[in-house]
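Engineer: What follows is a structure written as structure tokens; I'll ask about it next.
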Amino acid sequence: MSDTGQHEEGLNAREFSKSKNRRHLLDSAAEAIFKHGFRGATIAAIQEISGLSRGMINLHFKTKENLLLAVAEDLSNSYSERWNKVALDPDLPAAEKLRRIIQLDLSPDFLNRRDVAVWFAFRSEVYSNPEYRKSIDSRDASLRDVMIELCQTLIDEGNYLDADAELATDGLIALLEGTWTDFHLHAEEFDRSKAERTCLYIAKSLFPDHF
């Protein structure tokens, strides 16, 4: 192998290791918030969970505040990537897209104890740090716009004369947010299947010919 090839291989290995450590720190910080609460997610707690040094945290994020902001952004980006994939699928009709967005919101990938606890922890801090709001706001403009468009398509297809796409969207978002609150407070008794049936029941009441 040439010197250039060895250099590129070494660089790729270093970049991979850097990315892996960054991912590990994000997961460890989220775990620290889950276990100890927002105020208890100290550098020491994150170090203990991650097994990485303070220097490694400084290397990737400079400050704890930057790390916590990155955790909020990571949760938001992960969710956005998934619903965007559904929304942009040209083979799915509007009703199926709306159904899958509801199912995604209730899936264990996002509606799980750790992520929901972390989400609520960030919500409690939005007044002291408004930067968190854009990552944990239930009124995310892009998702709301997509849902309004889907609801309007269903209204047009079904000729639902008295329906309002914006009100339908706001109602569904409020229902899903309430479901997250119910899960957060009553995870042991939470019935995921019933929650999905409830949301789709409301969707059917809004768009009876589609659900």
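Engineer: Please go through the stretch 165-203 and give me each residue that is free of Cβ contacts under 8 Å to residues at least 60 places away in the same chain, surrounded by 13 or more Cβ atoms within 10 Å (Cβ to Cβ) and not in a helix (DSSP H, G or I), ordered by number.
Structural biologist: Of everything in the stretch 165-203, just one residue is free of Cβ contacts under 8 Å to residues at least 60 places away in the same chain, surrounded by 13 or more Cβ atoms within 10 Å (Cβ to Cβ) and not in a helix (DSSP H, G or I), namely Phe190.
Engineer: Would you say Phe61 is surrounded by 13 or more Cβ atoms within 10 Å (Cβ to Cβ), of a type in the set (Phe, Trp, Tyr) and over 18 Å from Asn112 (Cα atoms)?
Structural biologist: yes
Engineer: Of the residues in the stretch 120-170, how many are closer than 22 Å to Phe110 by Cβ and among the aromatic types (Phe, Trp, Tyr)?
Structural biologist: Result for the stretch 120-170: 3.
Engineer: From the list Leu167, Leu161, which one is of a type in the set (A, V, I, L, M) and either closer than 30 Å to Ala70 by Cβ or modelled with pLDDT of 95 or more (or both)?
Structural biologist: Criteria check complete, one pass: Leu167.
Engineer: Can you spot a residue in the stretch 102-122 that is in the same structural domain as Phe211 (by TED's automatic domain parsing), surrounded by 15 or more Cβ atoms within 10 Å (Cβ to Cβ) and among the basic types (Lys, Arg)?
Structural biologist: no
The values are calculated or read from the model by the stated rules, or taken from the named source; none is laboratory data. Only a predicted model underlies this, so the values are computations on that prediction, with no experimental measurement involved. Neighbour counts are summed over all protein chains in view; Cβ atoms, including those assigned to glycine, are modelled from backbone coordinates with ideal geometry.
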